[in-house]
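*Asks:* One structure follows; several queries about it will come next.
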Amino acid sequence: MPEEVITPEIARILAETFRELEGEVTLHAFTKKGRNDQFNEVLVNLVNGISRVDGRIKPFFHEIGGEASEKYKVQRSPSLLVSPEKYRIRYTGAPLGEEGRSFIAAVLMASRGKPLLSKNSAKRLEALRQNREVKVFVSPTCPYCPQQAIYAISAAVAMPELVSTEIIEIYENLDLAEKYAAMSVPKTYINGELTAASLEAEDEFISSLVSGESAEAAWWKEEQEEEGLDIVIIGAGPAGLTAAIYAGRSGLKSIVLEKGNVGGQVAITPVVENYPGFQAVPGKTLVDMMLRQAAQYARIKQGVSVKDVRKTDGTFEVVSTGGLYKARAVIIATGASYRKLNVPGEDRLAGRGISYCATCDGYLFKDGKTVAVIGGGNTAVTGALYLDSIGAHVTLIHRTKNLKAEDKLKQSLFQRNIPVLWNTKVDELLGDKKLEKIRVEDAGDGNRRDIRIDGAFIAVGYEPAGELGKIIGLEMDSEGYIRVDEKMRTSVPFVYAAGDVTGSEKQITVAVSQGTLAAITAFEEITKTVLR
């Protein structure tokens, strides 16, 4: 038997969480001997453990091929159904690692009969008239996956007669991952059609579910306007969360709006070794600590897209899919996104063996698969080290003779004898239905050759998420980064920027310091205005 999934400490935390249960929840675990046996045992252990925490959670165990399996049309082992008497919520594969968060959320929602959706989204969902079959592909190491799964589960709770939701763990269901080309996660299909290749904002998911159309900014009008804010902070990475802490401690009322996942790039960093006070700490752990602290000082709303920022009569109006927020100042901390190689085959094979996140998608390649990491900076070397640690056969491909990564990371790379193709450029990514080969070129002699590969992880830098800067009319540099002064002021008074979106060194400590400066400067300038 595997070690206990629900440890005493986890049981204590769950007992606190389950105080919110309002009714019974049934958990139906389906297994078949000889198929994913290791994960079958984990699922049985999980269901037994969680039911012991609270008596309102009722466990049931079934053999695939039996009467219950026929009734609920369960054929894959392991599978878990949550209150199937009321809802169509299914986990195909044990909800391990990060996905445990969505599973606990599913239990709470099934107990209360209430989805974890905003009023706006719940109202929009009422327009649904046709059946929707939602599949979300996930992995245990993907921090973005649980939020996408929660959207899908919420829809199944809100509209049980029309929406069925299946959360599919890709490693335990490799055939399904290959069939749906879901080798990067989260990936969402509705009625068999791909609707999202990554984490969406809540409004975008609801739009796809109801009509297949993207969300419109006009939907913010459905929600009540909120006034009396001092600062709207856009982005919940280290810079945004730090700004929230310092704004709150200064007595300013603020709200943090985040379109995607709280924590940004840090949340998918396996281990952080250069943050003061921690010799080594998982990125997700560090983010969770920041989030808990920031939540004491500000409301943090995830899954909210900002569509417009405008200034009228000395007040900023931030138009978002979650409401209209009026504040005296705005801090933009939207970070940066992955840069593409822009070579033939990249877009066509994205999510079919090509990934930009080793932490999210590396789990699929852990059993001796051959993978390449393309790049030479901290992200590339960290990704190579992570993939090596989980059992993949890794080669680093870099276009020059020198890595840009920190010395400590380079030392770890060489100590593990991870091969490096120096002075090598990737010209093309090849494959039919999924990635099969990489065509590389020697930068010295120009010779080309093809390398057979199972997966490629691209880590060649970032591009700023500076769209709001353009909307507001901020001064920006040639690469699209927002220009700021030494106090994080932009070219528009009372608009500040912090973190990767400013083009500064992409380090957590830099983002934290800039978030601090942005909040302090905002406090000083708001206070001066009030005292005039």
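*Asks:* Being touching a residue at least 12 places away in the same chain (Cβ under 8 Å) and more than 30 Å from Arg399 (Cα to Cα): is that true of Glu463 here?
*Replies:* no
*Asks:* Would you check which residues across region 406-422 are crowded, with 16+ Cβ neighbours inside 10 Å and in a loop (DSSP other than H, G, I, E, B) and list them?
*Replies:* Correct list: Glu406, Ile418, Trp422.
*Asks:* Considering only residues that are outside any strand (DSSP E or B) and among the hydrophobic types (A, V, I, L, M, F, W, C), look in region 381-395 and name the one that is surrounded by the fewest Cβ atoms within 10 Å (Cβ to Cβ).
*Replies:* Result: Ile390.
*Asks:* Then there is this: Every residue in region 289-316 that is farther than 20 Å from Glu202 by Cα and crowded, with 18+ Cβ neighbours inside 10 Å, please.
*Replies:* Listed by number, the residues that qualify are Met290, Ala294, Tyr297, Ala298, Phe316.
*Asks:* Related question: Return the pairs, sorted by first residue and then second, in which the second residue is surrounded by fewer than 16 Cβ atoms within 10 Å (Cβ to Cβ) and of a type outside the set (D, E, K, R), the first residue lies in region 423-441 and is farther than 26 Å from Tyr180 by Cα, the beta carbons are less than 9 Å apart, and the residues are 6+ apart or on different chains.
*Replies:* Asn423/Thr400; Asn423/Ala443; Asn423/Gly444; Thr424/Ala443; Lys425/Ala443; Asp427/Pro344; Glu441/Asn447
*Asks:* Can Ser139 be described as hydroxyl-bearing (Ser, Thr, Tyr), closer than 30 Å to Thr321 by Cα and touching a Phe, Trp or Tyr at 6+ places or on another chain (Cβ under 7 Å)?
*Replies:* yes
*Asks:* Let me ask another. Give just the number: which of (1) over 30 Å from Ile331 (Cα atoms); (2) charged (D, E, K, R); (3) more than 30 Å from the chain's Cα centre (by Cα) does Asp427 not satisfy?
*Replies:* Looking at each condition in turn, Asp427 falls short on (3).
Every residue, every condition in (1) touching a Gly at 6+ places or on another chain (Cβ under 6 Å); (2) among the aromatic types (Phe, Trp, Tyr); (3) assigned to a loop (DSSP other than H, G, I, E, B), yes or no:
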residue	(1), (2), (3)
Asp485	no, no, yes
Ser491	no, no, yes
Asp500	yes, no, no
Glu505	no, no, yes
Thr509	no, no, no
Leu517	no, no, no
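*Asks:* Continuing with the same structure: Which one is nearest to Ala327 (Cα to Cα) among residues in region 493-523 that are surrounded by fewer than 17 Cβ atoms within 10 Å (Cβ to Cβ) and at pLDDT 95 or above?
*Replies:* Going through the qualifying residues, I end up with Pro493.
*Asks:* Same structure, new question: Kindly check whether there is at least one residue in region 186-194 that is of a type in the set (Asp, Glu), within 19 Å of Ser211 (Cβ to Cβ) and either under 22 Å from the mean Cα position of the chain (by Cα) or part of a helix (DSSP H, G or I) (or both).
*Replies:* yes
*Asks:* Test of understanding: among Leu116, Leu81, which residue is touching a strand residue (DSSP E or B) at 6+ places or on another chain (Cβ under 6 Å), under 22 Å from Val157 (Cα atoms) and not in a helix (DSSP H, G or I)? Explain how you work it out, then say what you get.
*Replies:* Numbers: Leu116 fails: touching a strand residue (DSSP E or B) at 6+ places or on another chain (Cβ under 6 Å).
After ruling out the rest, the residue left standing is Leu81.
*Asks:* For region 22-49, give me each residue that is surrounded by 17 or more Cβ atoms within 10 Å (Cβ to Cβ), out of contact with any strand residue (DSSP E or B) (no Cβ under 6 Å at 6 or more places or on another chain) and not in a helix (DSSP H, G or I).
*Replies:* Result: Thr31, Lys32, Asn36.
The values are calculated or read from the model by the stated rules, or taken from the named source; none is laboratory data. Keep in mind that what you see is a predicted model, and the values were worked out from it rather than measured. Ideal geometry is used to build each Cβ from the backbone, glycine not excepted, and the neighbour counts take in all protein chains shown.
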